[in-house]
Amino acid sequence: MDVLGQAYEYAATHPDQLLAALEGHLRLVMVPLSISLGLGLPLGLLSARSRVASGVLLNSFNALRVIPSLAVLFLAIPFFGLSFHSAAIALTILAMPPILISTDVAFRSIDPAIREAALGMGMASTQVLRQVEIPLALPIIIAGIKTATIEVIASATLAAFIGAGGLGTFITLGFALYDNSILLVGAIPVALIALIAEVSLSRVQRAIAPLVK
């Protein structure tokens, strides 16, 4: 029996474990992304509006990007233990830079004349932001969100190293047992989730782009 067949047989005989790992993996993706969006979008807008904030935020988060996710995981262990919280912190740090940087770039790339024209028509600053700037910035912002999402989906497999669950559990088990079929039970769903996220967000990005031309 080939390795794919063995992987299918293992998954079929361990459906509860696979479902629990899948749910855990999606949670490891959604929680950090939600936090990163909640923080990264407003901080990116602030960075685009202020040179001081831009210098501090972009340099700080670019510095964080050079730290490997696994290193952040292990650095969080003394404070949060072998837990979901340690993994969520590491993955949030991973997701923040692409979201923040893309938001900063998106708002900076808007022609100032467009904003001035909107203000000249009597629109309030909040109206200009909601009705003019955000729609124009969305394609670039979504590109950053897409990058962050793919990175988090892939890196969430590392959470298994600290006992935080997810599909990485099967990958680490496969490595430990030198069993490629078990490894694939974790790796294939991760690849499929990443592919679905890539295709879905790309379609959203393409759908929005004509609206802002």
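A few comments on the model shown:
- Qualifying residue in segment 115-126 (condition: in a loop (DSSP other than H, G, I, E, B) and closer than 23 Å to P42 by Cβ): yes
Results for (1) surrounded by 17 or more Cβ atoms within 10 Å (Cβ to Cβ); (2) out of contact with any Asp or Glu (no Cβ under 6 Å at 6 or more places or on another chain); (3) within 18 Å of G24 (Cα to Cα), shown as yes or no for each residue.
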| residue | (1), (2), (3) |
| --- | --- |
| T126 | no, yes, no |
| I140 | yes, yes, no |
| A156 | yes, yes, yes |
| G163 | no, yes, yes |
| F170 | yes, yes, yes |
| S181 | yes, yes, no |
| A191 | no, yes, yes |
| L195 | no, yes, no |
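- For the condition over 15 Å from the mean Cα position of the chain (by Cα) and over 20 Å from A154 (Cα atoms), L58 qualifies.
- Cβ separations smaller than 8 Å between residues 6+ apart or across chains give the following pairs from segment 81-94 residues that are over 14 Å from F161 (Cβ atoms) and free of Cβ contacts under 8 Å to residues at least 60 places away in the same chain to residues that are aliphatic (A, V, I, L, M) and outside any helix (DSSP H, G or I): I93/I67.
- The residue that is modelled with the highest pLDDT, counting only those in segment 162-199 that are closer than 19 Å to L73 by Cα and in a loop (DSSP other than H, G, I, E, B), is L167.
- Per the conditions (1) farther than 29 Å from A7 by Cβ; (2) buried (at least 18 other Cβ atoms within 10 Å of the Cβ); (3) out of contact with any Lys or Arg (no Cβ under 6 Å at 6 or more places or on another chain); (4) modelled with pLDDT of 90 or more, the sole criterion not satisfied by I93 is (4).
- On the stretch given as segment 12-29, residues that are loosely packed, with under 12 Cβ neighbours inside 10 Å and aliphatic (A, V, I, L, M) total 2.
- Residues that are over 23 Å from Y8 (Cα atoms) and of a type in the set (A, V, I, L, M, F, W, C) were ranked within segment 159-192; the one that is nearest to the chain's Cα centre (by Cα) is A159.
- For segment 61-102, the candidate set comprises residues that are assigned to a helix (DSSP H, G or I) and of a type in the set (V, I, T); within that set, the residue that is farthest from the chain's Cα centre (by Cα) is I77.
The values are calculated or read from the model by the stated rules, or taken from the named source; none is laboratory data. Since the structure is predicted, the reported quantities are computational estimates derived from the model, not experimental observations. Note that each Cβ is placed from the backbone with ideal geometry, even for glycine, and that neighbours are counted across all protein chains shown.
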